[in-house]
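Take a look at the structure below.
The values are calculated or read from the model by the stated rules, or taken from the named source; none is laboratory data. Not measured: the values here are computed from a predicted model. Positions of Cβ are backbone-derived with ideal geometry, glycine not excepted, and every protein chain shown enters the neighbour counts. The area values use the complete protein model at the heavy-atom level, side chains included, leaving out ligands, DNA and RNA. Shrake-Rupley method; radii C 1.70, N 1.55, O 1.52, S 1.80 Å.
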Amino acid sequence: MLTPDKNRLLTDAMPGSPAGRVFRSYWLPIAMPEQLARRNPMPVQVLGERLALFRDRSGQLGLVDDRCAHRGTSLSAGDEHLKTSGRVDDDGVRCPYHGWLYDRTGQCRQQPGEAPGRDFSQRIRIKAYPVMERHGFVWAYMGPGDAPELPDWDVLARQDGLRINALGTWPCNYFQVLENMVDPVHVSVLHLETDFDQDRFRAMPTLRVETTRWGLKTVAGRPGYEREVEFLMPGGVRLGVPMKRPLALAFWVVPVSDTLTASFHTYFMPLPEDIDDAERARCREQLEAFVYELDQRDPLTAATKVNAQDKFACYSQGEVADRSLENLGGTDAGVALLRRTFFTAIDDVQSGRDPRGVVREPGLGMVRFENVF
């Protein structure tokens, strides 16, 4: 059980909040490259901020405040049919109202309506964040100071198999989603009649949890089988999925607002080096059937039945769960450790220290976990 004040400390990740400052200590996924249009910036909302994501004509990514400094018009929202959206230019994004141009640093470069000699663009700069494309996602660093390193998690970086990246949204607070990620006991109940519905998963597990360099780990032991789930601060999870040909899954949770959460999924199926083309094609079909199980129409959106069941369990708690009404037991050891880990991270950031899992040293290489099939 948490008091309302403690609960708010965990669930409020908006600008200036303690939990929001924790998230801003890390690189966060914010989009997939396939979502970026050639001519128009993309509206993105992350941690309560409205931003405009774009790729300029030189191929460079930019992420800037969505509000033009001139009169406040959106740089990304609009109607493409009516030609009212912002426009991507050679070296930035141009406001659709009066044509002010901003580069990737947020610096205003042009004010087309100003008379010669009256241009004051050098004095105008809007907020901008570092952004990069890696492993099939667009990542942003929204914190102060120098950006840390972005680790090459094995499920993202391995090249010896098949991979599908996808997106998701959850109509509830982000911390409910995180708590589901560190609760392996629910698998034996919630995920019946799915790929997890196997004899070895029907038994209630023994559970142990431990702190790791990256966050924490839960280990669920069932007869003849032990399953590890790695939680990666501030909102990642790395686990194995027991299918006919097992795969590894990682996904990241990013707060959009206090009541809406985005998720970014990677599904990776390792394959033997000598696999033939026919078997590779069958494996691809198996992977796609899992990722798009409930909806085959949108190749960017994860639609697994397991994921849909998890969403129900999370949003049915309410948009922001009232943790003063809960009654935790021994099966909630991962939830309890997650909360302690976040409270510690909040204290670290407020004291000027990097929270757990922030990497400063370059050249770390691929980060591998034991639960790799």
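Element breakdown for the chain at a 1.4 angstrom probe: carbon and sulfur atoms account for 48% of the accessible area. Spatial offset of the range 317-334 relative to the range 161-179 amounts to 20 Å, using the alpha carbon center of each. Under a 5 Å amide H cut-off, with hydrogens placed 1.01 Å from N, Arg125 pairs with Cys108 among residues at least 5 apart or on other chains. Just add up the charged neighbours of Ile124: K/R +1, D/E -1, any other residue whose Cβ is under 14 Å from the Cβ of Ile124. Cβ neighbours under 14 Å give a net charge of +4. From largest to smallest, the equivalent ellipsoid semi-axes obtained for the range 239-285 from the alpha-carbon gyration tensor read 32, 10, 8 Å. By how many degrees, between 0 and 90 and to the nearest 10, does the Cα long axis of helix 305-315 differ from the longest principal axis of the chain? Roughly 70 degrees between the two axes.
Most simply put, the chain has about 95% antiparallel DSSP beta bridges, counting only bridges with both residues inside it.
With protein chains left intact and a 1.4 Å probe, residues in the range 219-373 average 46 Å² of accessible area per residue. Label sites at Met366 and Gln350, each approximated as a point 7 angstrom past Cα along Cα to Cβ, lie 4.1 nm apart.
Dividing the alpha-carbon radius of gyration of the range 247-373 by the rule-of-thumb value 2.2 N^0.38 Å gives 1.38. Restriction of the GluC sites (Glu not before Pro) in the range 212-304 to DSSP coil positions whose beta-carbon has at most 14 other beta-carbons within 10 angstrom yields Glu273. Centre-to-centre separation between the Cα atoms of the range 212-253 and those of the range 271-294: 21 Å.
Any of Lys244/Lys311; Lys217/Lys311; Lys217/Lys244; Lys127/Lys305 with alpha carbons more than 31 Å apart? Name them for me. Pairs exceeding the cut-off: Lys127/Lys305. Shown here are the Rg and Dmax of the Cα trace of the range 125-166, at 13.4, 44 Å.
Per-residue Karplus couplings for the range 327-335, computed as 6.51 cos²θ - 1.76 cosθ + 1.60 with θ equal to phi - 60°, are listed in order as 9, 6, x, x, 6, 9, 4, x, 4 Hz, Gly and Pro entered as x.
In this calculation the C-beta distance from Glu114 to Arg38 is compared with R0 = 41 Å, giving a FRET efficiency of 0.90.
Enclosing the Cα atoms of the range 83-195 in their convex hull gives a volume equal to 228 cubic angstrom per residue. In a simple Cβ point-charge model (Lys, Arg +1; Asp, Glu -1; nothing else charged), the chain has a dipole of about 900 debye relative to its Cα centre.
The length gained by stretching the chain between Lys127 and Glu193 to full extension, at 0.36 nm per residue less their Cα-Cα distance, is 19.0 nm. In terms of Cα atoms, the Rg and Dmax of the chain work out to 22.1, 79 Å. Farthest towards the positive end of the charge dipole of the chain, among the residues Leu28, Thr261, Pro96, is the Cα of Pro96, using unit charges on the Cβ of Lys, Arg, Asp and Glu.
According to a simple spin-label model (label point 7 Å from Cα along Cα-to-Cβ), what is the distance in nm between Gln45 and Ser257? Result for the modelled spin labels: 0.4 nm. Within the range 24-57, the trypsin sites (Lys or Arg not before Pro) that combine a DSSP coil assignment with at most 10 other C-beta atoms in a 10 angstrom radius are Arg38. Taking only the C-alpha atoms of the range 149-268, Rg followed by Dmax gives 14.6, 42 Å. FRET efficiency for the Met14 to Arg280 pair, using the beta carbon distance and R₀ = 51 Å, is estimated at 0.70. Rounded to 0.05, the FRET efficiency of the Asn327 and Val359 pair, given R0 = 41 Å and the Cβ-Cβ distance, is 0.65.
Taking θ as phi - 60° and the Karplus parameters 6.51, -1.76 and 1.60, the scalar couplings of the range 262-275 work out to 9, 9, 10, 10, 10, 10, 10, 10, x, 10, x, 5, 9, 5 Hz in sequence order, x denoting glycine and proline. Here the Kirkwood formula puts the hydrodynamic radius of the range 1-119 at 15.8 Å, using every distinct Cα pair. Considering the options Leu337, Met181, Thr11, tell which one lies farthest towards the positive end of the dipole of the chain, charges being +1 on Lys and Arg and -1 on Asp and Glu at the Cβ, about the Cα centre. Value: Thr11.
For the pair Glu226 and Arg134, label points projected 7 Å from Cα toward Cβ lie 3.1 nm apart.
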